[in-house]
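The next block holds one structure in the form of structure tokens; read it before the comments.
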Amino acid sequence: MVKCIIFDCDGVLVDTEKIGNGILLEMASEHGFQMELEDAYHLFNGRSLKDCFLQIENGIGKKLPKDFESNYRDRSFEAFKIGTKPMEGIVDFLDHLKIRYCTASSGPLEKIRLNLELAGLLDRFEGRIFSSYIIKSWKPDPGIFLHAAKEMGFNVEDCVVIEDSVAGVRAGINGGFKVYGFANGFNNEDLKQEGAIIFHSYDELKILLEL
């Protein structure tokens with residue numbers, strides 16, 4: 001029986017992936033990098049900004065400006081303040097949970113907290129927010145999920161991971177977790193190939209987990 005759910009944050013709890021990827025592609029295009037939004041979901045989701053920037057630099061054959069990251073964070077934070085909302089069905093899902101849960105994300109702690117606050121979910125996760133930046137381990141390394149399970153007081157086999165990115169699914173699988181992949185229309189086959197159990201809504205996940 002599942003005793004603890006470890007949620008990713010962006011694209012799983014809060015609807016921010018389209019916003020973040022859109023701004024990143026817009027800024028990258030100013031430096032000669034061109035990519036469709038669907039491809040960005042495959043390439044960038046679940047990875048650290050450092051990895052994303054490296055992919056862009058490899059694509060354009062040169063370094064991005066030193067202020068690229070700070071500008072991206074400023075622009076994306078402003079956009080998140082306007083457009084961030086909870087994923088459809090997550091509030092009802094959490095309201096009916098009778099087991100422990102937390103969130104473990106590759107993002108900086110302040111970004112995770114901001115997005116949860118803007119989506120009205122922060123109070124539900126206070127004290128149970130785990131960031132790769134704190135332990136210096138990023139997906140697809142399983143460190144952040146192993147850390148979350150340990151801090152929550154559970155063994156790996158007692159937990160499930162909820163993810164929407166290839167890097168996140170790999171991290172969960174690499175750590176020995178059962179992983180459920182939130183299909184968003186872009187990632188369905190990718191997540192399935194990585195070994196995730198696919199679901200399309202929180203109502204469906206409730207049935208799959210027998211909650």
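Result for the chain in a Gaussian network model with C-alpha springs under 10 Å: among 77, 44, 68, the largest mean-square fluctuation is at 68. Solvent-accessible surface of the chain, taken per residue with a 1.4 Å probe and all protein chains present: 48 Å². A Förster radius of 41 Å, combined with the Cβ-Cβ distance separating residue 207 from residue 62, puts the computed FRET efficiency at roughly 0.25. Based on Cα contacts under 8 Å between residues 6+ apart, segment 2-73 shows a relative contact order of 26 percent.
Once C-alpha pairs closer than 8 Å and six or more residues apart are averaged by separation and normalised to the residue number of segment 120-195, the relative contact order reads 26 percent. In the structure shown, the pairs 66/150; 62/136; 63/150; 62/150; 63/85 are assessed against 31 Å; a Cα-Cα span above that value is assigned to 66/150; 63/150; 62/150; 63/85.
Solvent-accessible surface (1.4 Å probe) assigned to residue 82 amounts to roughly 150 Å².
Viscosity 1.002 mPa s, temperature 20 °C: give me the Stokes-Einstein translational D for segment 7-56 in µm²/s, with Rh taken as the Kirkwood radius over C-alpha pairs. This corresponds to a translational diffusion coefficient of 191 µm²/s.
Result for the chain in a Gaussian network model with C-alpha springs under 10 Å: among 168, 107, 61, the largest mean-square fluctuation is at 61. Taking the Cα centre of the chain as reference, the dipole from Cβ charges on Lys and Arg (+1) and Asp and Glu (-1) amounts to some 660 debye. Positive-end ranking of 185, 162, 208 along the dipole of segment 96-211, with charges on Cβ about the Cα centre, is headed by 162. Computed in the context of the full set of protein chains, the accessible area of the chain at 1.4 Å probe radius has 49% of its extent on carbon or sulfur. Given Cα pairs under 8 Å that are at least 6 residues apart, what percent is the relative contact order of segment 155-202? With pairs under 8 Å counted, the relative contact order is 36 percent. The slack in the chain from residue 91 to residue 70, taken as 0.36 nm per residue of separation less the alpha-carbon distance, amounts to 4.4 nm. Note on residue 77 and residue 100: their simple-model spin labels are 3.2 nm apart, each label 7 Å out from Cα toward Cβ.
The values are calculated or read from the model by the stated rules, or taken from the named source; none is laboratory data. Just so it is clear, the model here is predicted, and its values are computed rather than measured. Every residue, glycine as well, gets a Cβ built from its backbone with ideal geometry; the counts of neighbours run over all protein chains shown. Surface accessibility is based on the protein's heavy atoms, side chains included, excluding ligands, DNA and RNA. Shrake-Rupley method; radii C 1.70, N 1.55, O 1.52, S 1.80 Å.
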